[in-house]
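S.K.: Encoded as structure tokens, here's the structure I'll be asking about.
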Number of protein chains: 2
Amino acid sequence: MAQTVLLDVSGVLYQGSRAVPGAVQALSRLRAAGRQVRCLTNSTRQPKRRIMGKLRDLGFGIQPEEVFTPVAAALAWLERTGHSPHLLVHPALEEEFQDCKGGGPPAVVVGDAGPAFCYENMNRAFRVLLEGAPLLALADNRVFMDEDGRLSLDAGPFIKALEFASAAKPKLFGKPDPEFFRAAVASTGCSPQQAAMIGDDAESDVAGALAAGLAAGYLVRTGKYRDGDETRFDPQPTATAADVLEAVDRLLAQDGA
Amino acid sequence: MAQTVLLDVSGVLYQGSRAVPGAVQALSRLRAAGRQVRCLTNSTRQPKRRIMGKLRDLGFGIQPEEVFTPVAAALAWLERTGHSPHLLVHPALEEEFQDCKGGGPPAVVVGDAGPAFCYENMNRAFRVLLEGAPLLALADNRVFMDEDGRLSLDAGPFIKALEFASAAKPKLFGKPDPEFFRAAVASTGCSPQQAAMIGDDAESDVAGALAAGLAAGYLVRTGKYRDGDETRFDPQPTATAADVLEAVDRLLAQDGA
């Protein structure tokens, strides 16, 4: 039985400025069935406080300690190793690094920088990597569903570009890093085998969760989902569902709840 | 014997606004020894007429028909297939595509766009690729030696990013495309086995030429060369030389000229 349910946020709970239809109800049903819930987001265009504010405004009763972002893991790594962050992130995310002491040699930190992915910033980061700095990837998603309802480039392609040019191997902090999934599951006191993931990214959310040892991975056909995604990556989803509400209902039915 | 000698341009004949010391003399020695010369450049930050002007101003007696750029090959492909170019190139290069009739579906053409590699242009090209447009790479070099004497990002990393995001397979027109080397050699009436390449890019120039069947590939330690480049890529160079003058002298000595 999936005692813990991990949910992706953008494309699953909300899309742009609106809640995905049925998503608030899906969360309530999970709570009512006694499931523990964790949200795992690779979104790095905004700080966690804004994500929390949006979830609250849209009617999701989710607490900050239930939401996992790659930034916290990256900050802990910087703190532990004493590296100073060389940021290639969205301007809105910079505040999350302002208390980072650093002082040591630079580490290049790449998030979904959006318009900050200009040639000059890319080249500056490349030159720091060439001097031997480590490359920290807050996420390596290929694409995301943009506000205009079309797919846009996420951080992954730009990290791939820096890796190709510098030969630096990125250290990943977001999904599909197995440690990211396991840390979220562990916070509920469950094992990965007692957990399931629901996401719209067949590669990063679903294949990632299954590779990390979770019992099930549900792919929803909202957000960035495109026809054929269910067979595009390995491992393939346990099941696909129209949206998060259908995924939750199937998951609970599967468990006999 | 290498009857035909192919030369890379930037980093071999000139660097920034100056001729590489000895490079004019190297060219004269090749001519005096009866060798045919072709220049193969992947530089796509400026049109061919400007490259020709620079070579002339620096004292190289090189004719336009001796210089091969990827643009001509890409234009021929566009003409043949009827695609319209969706350009992601340096603004200075756009003039070379102005007579392209097109009219058919778009093909994304990527050169070393420099500052035009902004997020908006990258995302626009990505969306065209997602609709099924082919991806034409004028060159896929990782880096080049910039005017400030440091390495900078070339077109390759950005093409890799677009490929990663869209799953489009790039069609390459510059080095190391074997057809590019072979067309240049064929223009002299020689076979690849009668030709040698001299370049500063161990991957694109040297390994590329050897993979295309040329008899020899000389790596020069000017331009973008970095310690260890001679063992970084396969096939490895036939020999390395301090600069193009030393490479030419060794090549001619090898041939008993």
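The values are calculated or read from the model by the stated rules, or taken from the named source; none is laboratory data. A quick note: this is a predicted structure, and the numbers were derived from the prediction, not measured. Neighbour counts are summed over all protein chains in view; Cβ atoms, including those assigned to glycine, are modelled from backbone coordinates with ideal geometry.
S.K.: Condition (residue is of a type outside the set (S, T, N, Q) and within 24 Å of A:Ala167 (Cβ to Cβ)) applied to region B:182-198: is it met by at least one residue?
M.R.: Yes, region B:182-198 contains at least one residue that is of a type outside the set (S, T, N, Q) and within 24 Å of A:Ala167 (Cβ to Cβ).
S.K.: Regarding region A:129-140, can at least one residue be identified that is part of a helix (DSSP H, G or I), touching a residue at least 60 places away in the same chain (Cβ under 8 Å) and more than 22 Å from B:Asn141 (Cα to Cα)?
M.R.: No: region A:129-140 contains no residue that is part of a helix (DSSP H, G or I), touching a residue at least 60 places away in the same chain (Cβ under 8 Å) and more than 22 Å from B:Asn141 (Cα to Cα).
S.K.: Could you look through region B:201-257, keep only residues that are in contact with a Lys or Arg (Cβ under 8 Å, 6 or more places away or on another chain) and of a type in the set (Ser, Thr, Tyr), and pick out the one that is surrounded by the fewest Cβ atoms within 10 Å (Cβ to Cβ)?
M.R.: B:Thr240
S.K.: For B:Ala209, work out the one condition from (1) over 15 Å from B:Thr44 (Cβ atoms); (2) small (Gly, Ala, Ser); (3) free of Cβ contacts under 8 Å to residues at least 40 places away in the same chain it doesn't fulfil.
M.R.: Single failed check for B:Ala209: (3).
S.K.: What's the total number of residues in region B:69-116 that are surrounded by 18 or more Cβ atoms within 10 Å (Cβ to Cβ), over 20 Å from A:Phe117 (Cα atoms) and of a type in the set (Gly, Ala, Ser)?
M.R.: Number of matching residues: 3.
S.K.: Name the single residue that is nearest to A:Arg18 (Cα to Cα) among those in region A:41-71 being free of Cβ contacts under 8 Å to residues at least 12 places away in the same chain and outside any loop (DSSP other than H, G, I, E, B).
M.R.: Residues of region A:41-71 that are free of Cβ contacts under 8 Å to residues at least 12 places away in the same chain, as a first pass: A:49, A:53, A:56-57, A:63.
Narrowing the set further to residues that are outside any loop (DSSP other than H, G, I, E, B) leaves A:49, A:53, A:56-57.
Details: A:Arg49: 18, A:Gly53: 13, A:Arg56: 12, A:Asp57: 10 Å.
Restricting to residues being free of Cβ contacts under 8 Å to residues at least 12 places away in the same chain and outside any loop (DSSP other than H, G, I, E, B), the top hit is A:Asp57.
S.K.: Considering only residues that are in a helix (DSSP H, G or I), touching a Lys or Arg at 6+ places or on another chain (Cβ under 7 Å) and within 14 Å of chain A (Cβ to nearest Cβ), which ones fall in region B:75-128?
M.R.: Scanning region B:75-128 gives B:Gly114, B:Arg127.
S.K.: Separate question: For region B:173-196, indicate whether the set of residues that are in a loop (DSSP other than H, G, I, E, B), in the same structural domain as B:Ala113 (by TED's automatic domain parsing) and on the phi > 0 side of the Ramachandran plot is non-empty.
M.R.: no
S.K.: Looking only at region A:143-175, filter to residues that are of a type in the set (Lys, Arg) and farther than 24 Å from A:Leu130 by Cα; which one of those is nearest to the other protein chains (Cβ to nearest Cβ)?
M.R.: The selected residue is A:Arg150.
S.K.: A further question follows. What is the number of the single condition among (1) closer than 22 Å to B:Gly34 by Cβ; (2) over 18 Å from the mean Cα position of the chain (by Cα); (3) among the small types (Gly, Ala, Ser) that B:Ser187 does not meet?
M.R.: It is condition (2) that B:Ser187 fails.
S.K.: Assuming B:Gln36 fulfils every condition listed in (1) surrounded by fewer than 20 Cβ atoms within 10 Å (Cβ to Cβ); (2) on the phi > 0 side of the Ramachandran plot apart from one, which condition is it?
M.R.: It is condition (2) that B:Gln36 fails.
S.K.: Restricting attention to region B:130-142, report how many residues are crowded, with 23+ Cβ neighbours inside 10 Å and within 12 Å of chain A (Cβ to nearest Cβ).
M.R.: Adding up the residues that qualify gives 2.
S.K.: Then there's this: Taking the stated definitions as given, is A:Ala155 under 21 Å from A:Asp200 (Cα atoms) and out of contact with any helix residue (DSSP H, G or I) (no Cβ under 9 Å at 6 or more places or on another chain)?
M.R.: yes
S.K.: Could you tell me whether A:Phe180 is of a type in the set (Phe, Trp, Tyr) and either within 25 Å of B:Ala125 (Cβ to Cβ) or touching a Lys or Arg at 6+ places or on another chain (Cβ under 8 Å) (or both)? Show your work before the answer.
M.R.: On the way: of a type in the set (Phe, Trp, Tyr): yes; either within 25 Å of B:Ala125 (Cβ to Cβ) or touching a Lys or Arg at 6+ places or on another chain (Cβ under 8 Å) (or both): no.
The answer is no for A:Phe180.
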